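Please treat every number below as a calculation from the coordinates, not as lab data. On a predicted model such as this, the values are computed, not experimentally measured, just so you know. Counting neighbours? That spans all protein chains shown, and the Cβs are built from the backbone with ideal geometry, glycine included.
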Amino acid sequence: MYHALWRGEDDPDALARQWAADSQLRDPGARLYALDRRVFERQMRQIAALRPACPESWDRLDASTPNAAWITFDDGHRSNHDLALPILQSFGLRAMFFVTTDWIGSDGFMTEDQLRALRRAGMLLGTHGCSHAYFSGLSPEALRRELTASKERLEGVLGEPVTALALPGGRNRHRIQDLARQAGYRHLFTSRIALAKPGQDPLDWPRIPIANRQPEDYLPRLLAGDARLVAAQARAQRRRDLAKRVLGNAAYDFLRGLLLAKR
Ligand SMILES: [Zn+2]
């Protein structure tokens, strides 16, 4: 699970300016999950060497292919088009892009034309809600609106049905699955850290976040199916989830922002 990329830059002042000029990258919390494009390129080379099998359409998605590595992006940051797409194409890789539809064409995010360019290049597109509100905190009416309005918006842009969604905030619930199924979704991607298993419930795909402070051997170990590494990440995630439940999402995000700003 990727988010934004930034242009590779050796001069720290130029890098700081690039971050400051970007609505996402200037936020230390969002930047944790953003990557230098050179690191991304190295990782795509590692994935391409595995010959992964991201299918050409959502209905051909299942977890029965051993050693498949699926590449996903959340939020619809402009760098997905400007930096990630050419690298993916250079390795002949296909990826999935989940777009926050209220942000389409706004500062730092992909325009409708750029989304269509991704699709023409063979990429798979799904929604990431309208407003990026965490689904787990929404009333049923608000949740239904996020599901249907984001789907209709992206379908309008692409001119084809959209049947996949990645959950903002990442946490799945049975009521979210039920409402998403009713809204016409067939695939739900979460941020639950795990490896997908054969027979995986398509309304509960797990994913593993890629962040810029991970060691260089992190992705190679994941690609090798290192179950102990995944289990350790999942345990750390459960501790974070417990803190979120105790504090509430807003207080958790606020405290996390303070800690990151201090660093
Ligand atoms: Zn997101």
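Quick one: Karplus J couplings for segment 214-228, per residue in order, coefficients 6.51, -1.76, 1.60, θ = phi - 60°, nearest Hz, x for Gly and Pro?
6, x, 4, 8, 4, 5, x, 5, 4, 5, 7, x, 5, 5, 5
Can you give the Rg/Rh ratio of segment 162-261, where Rg is from the C-alpha atoms and Rh is the Kirkwood radius?
That ratio is 1.00, to two decimals.
Among SER79, SER139, SER191, which one shows the biggest mean-square fluctuation in a GNM of the chain, springs joining Cα atoms closer than 10 Å?
SER139
Let me know the charge dipole size of segment 9-88 about its Cα centre in debye, to the nearest 20, where only the beta-carbon of Lys, Arg (+1) and Asp, Glu (-1) is charged. Working shown, then result.
Details: 10 positive and 14 negative charges, 46 e Å.
My answer is approximately 220 debye.
What are the principal axis extents of the Cα atoms in the chain, in Å, biggest first?
In descending order, the Cα extents are 50, 42, 41 Å.
Name the shape class, rounded, prolate or oblate, that the alpha-carbon gyration tensor gives for segment 71-141, where a ≥ b ≥ c are the square roots of its eigenvalues, rounded holds for a/c under 1.5, and otherwise prolate holds if a/b is larger than b/c and oblate otherwise. Can you show the working numbers first?
On the way: a/c = 2.56, a/b = 1.87, b/c = 1.37.
In terms of gyration-tensor shape, prolate.
What is the sum of charges around GLY122, taking Lys and Arg as +1, Asp and Glu as -1, for the other residues whose C-beta is under 14 Å from the C-beta of GLY122?
Summing Lys and Arg as +1 and Asp and Glu as -1 gives +3.
Given R₀ = 41 Å, what would the calculated FRET efficiency be for SER90 paired with ALA234, taking r from the Cβ atoms and rounding to 0.05?
Once the sixth-power term is evaluated, E becomes 0.80.
How much length, in nm to one decimal, is gained on full extension between THR111 and ASP178, taken as 0.36 nm per residue of separation minus their Cα-Cα distance? Mind dumping the intermediate values first?
Values: separation 67, 0.36 × 67 = 24.12 nm, distance 3.07 nm.
Here the segment from THR111 to ASP178 would lengthen by 21.1 nm.
Quote the FRET efficiency, to the nearest 0.05, computed for ASP201 versus ARG221 with a Förster distance R0 of 25 Å and r equal to the Cβ-Cβ distance.
The formula returns an efficiency of 0.45 here.
Charges on Cβ only, +1 for Lys and Arg, -1 for Asp and Glu, centred on the Cα centroid of the chain; of LEU124, GLY156, LEU167, which one is farthest towards the dipole's positive end?
Farthest along the dipole direction, towards plus: LEU167.
Which whole-number percent gives the relative contact order of the chain, counting Cα pairs below 8 Å spaced six or more residues apart?
18
I want the local charge near ILE87. Using Cβ-Cβ distances under 14 Å, sum +1 for each Lys or Arg and -1 for each Asp or Glu among the other residues.
Charge balance near ILE87 sits at +3.
So between ARG186 and GLU155, what do we pick up on full extension, going 0.36 nm a residue minus the alpha carbon distance?
Length difference between fully extended and current span is 9.7 nm.
Which residues in segment 203-228 place their backbone N less than 19 Å from a point set 7 Å from the Cα of LEU259 along the Cα-to-Cβ direction?
209-215
In deg cm²/dmol, rounded to 500, what helix-only [θ] at 222 nm does the chain give when every DSSP H run of at least 4 residues adds -39500 (n - 2.57) and the total is split over its residues?
One gets -13000 deg cm²/dmol as the mean residue ellipticity at 222 nm.
Find out how many positive minus negative residues lie around ALA69, taking Lys and Arg as positive, Asp and Glu as negative, among other residues whose Cβ is under 14 Å from that of ALA69.
Local net charge: +4.
Could you state the principal axis extents of the C-alpha atoms in segment 121-218, from the largest down, to the nearest angstrom?
42, 34, 29
Based on alpha-carbon atoms only, what is the radius of gyration of segment 9-92 relative to the globular estimate 2.2 N^0.38 Å? Intermediate results must be reported in sequence, preceding the final value.
Values: Rg = 15.2 Å, N = 84, 2.2 N^0.38 = 11.8 Å.
Dividing the Cα Rg of segment 9-92 by 2.2 N^0.38 Å gives 1.29.
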